[in-house]
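The values are calculated or read from the model by the stated rules, or taken from the named source; none is laboratory data. These numbers were taken from a predicted model, which means no experiment stands behind them. Note that each Cβ is placed from the backbone with ideal geometry, even for glycine, and that neighbours are counted across all protein chains shown. What goes into the accessible areas is simple: the full protein's heavy atoms, side chains included, and nothing from ligands, DNA or RNA. Shrake-Rupley method; radii C 1.70, N 1.55, O 1.52, S 1.80 Å.
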Amino acid sequence: MSPVQHESSNALSLQRTNEHATKEGGNSLSRGPRLLLATTGSVASIKLPLLIKEIRQLEPRVELKVVSTDSSTHFLSSDELESLNVPVLRDKDEWDSWKRMGDPVLHIELRNWADAVVVAPLDANTLAKIANGLCDNLLTCVLRAWPASLPVVLCPAMNTAMYQNPFTSRHTQTIKEVLPNFEFIDPVSKRLACGDTGVGAMAPVSIIAERALEVAKKGMAIKEHEEGKLSVAAGTSGIVGNAGGAFADTSEGGDEISKSSTKGGPPLDERMKALIECGFEWAGAGGFPPPQPLDNGNHASPAKTQ
Ligand SMILES: Cc1cc2nc3c(=O)[nH]c(=O)nc-3n(C[C@H](O)[C@H](O)[C@H](O)COP(=O)(O)O)c2cc1C
């Protein structure tokens, strides 16, 4: 079975996966973070297997899916893709999985499924497309439909001459201004695949893997909050929970947002611990602050190049 065939059936099962997750306790803290990895037409796409391996080593419970542009697939053989044991979705899958009204739309399914997106490598072409709001393939449709509250990490990789073209900084700047939930892991300087030496090589896989997991966990916690499973008790140190019993209010006088449904679910301290691990900070008397769009420096820079 080719990766594409494999993936078409996988694409169709996305909705069922979501439904299943909801039925199985409805508690996203009981699942692993869902990370959508994307590759574009840079030779650094060959690092996808290594990236997946490192991410899984850091967090075995992580749920992964890959979106590859058509150009990107030139750098990975079908055998390699199949051996990853990860669904790999391509532009063709959008239309293979949609035949008539009512069928799931793949880029929306993926957008709803993932807690975070990491584009590694991000080539000059897709950088330009994102900065200009274009959405002419599966990846750019996912990114155009992506929620403003959830994280996206972009890892540019290109020849030095391409990187130094003024459009790179213009497009990067535009994305930072328009899409504050998008962050960059800047490329590094080294001998590139084309033989040139200079800035433009994708950041080290270990750095990308670590950040990918951080943002996926954060995205999961934000989604949890947005879905109403975690609510903030205003005015006291209490935390309240709702459907699924995310948190039990232990205080008097807390906002009654969802005090009425605190049945079931793991114990309060276990859930608090999970959220803190996901990047939330306990704000004392004010309770948890509502999740903010991610760190707005939009930078994780192994070697500052701009
Ligand atoms: C062998 C080869 C390597 C390439 N490497 C890069 C690269 O590292 N970075 C880049 O921006 N473009 C690179 N390109 C050009 C892109 O593949 C090309 O712009 C393509 O249209 C990108 O399509 P996509 O953004 O839909 O993946 C390369 C092209 C070839 C043929």
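The table below gives the values:
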item: In region 34-231, lysine pairs closer than 24 Å at Cα, eight or more apart or cross-chain; result: 22
item: Beta bridge orientation in region 34-231: antiparallel %, DSSP, nearest 5; result: 15
item: Residue-level accessible surface for VAL215, protein heavy atoms, 1.4 Å, Å²; result: 0
item: Cα lying deepest toward the dipole's positive end in region 34-231, options ASN125, SER72, PRO180, charges on Cβ; result: PRO180
item: Cα lying deepest toward the dipole's positive end in region 34-231, options ALA193, PRO156, HIS107, charges on Cβ; result: PRO156
item: Computed label-point distance, nm, for sites THR174 and GLU59 using a 7 Å Cα→Cβ extension; result: 3.1
item: Pairs of alpha carbons in region 34-231 whose separation is greater than 28 Å (percent); result: 22
item: Largest to smallest accessible area among SER83, SER42, SER169 [probe 1.4 Å]; result: SER83, SER169, SER42
item: Summed residue charge, Cβ within 9 Å of LEU106's Cβ, Lys/Arg positive, Asp/Glu negative; result: -4
item: Which of CYS141, CYS194, CYS135 is most accessible, then next, and so on - probe 1.4 Å; result: CYS194, CYS135, CYS141
item: Region 34-231 - charge dipole about Cα centre, Lys and Arg +1 at Cβ, Asp and Glu -1, debye rounded to 20; result: 260
item: Solvent-accessible area of ILE185 with every protein chain in place, 1.4 Å probe, in Å² to the nearest 10; result: 0
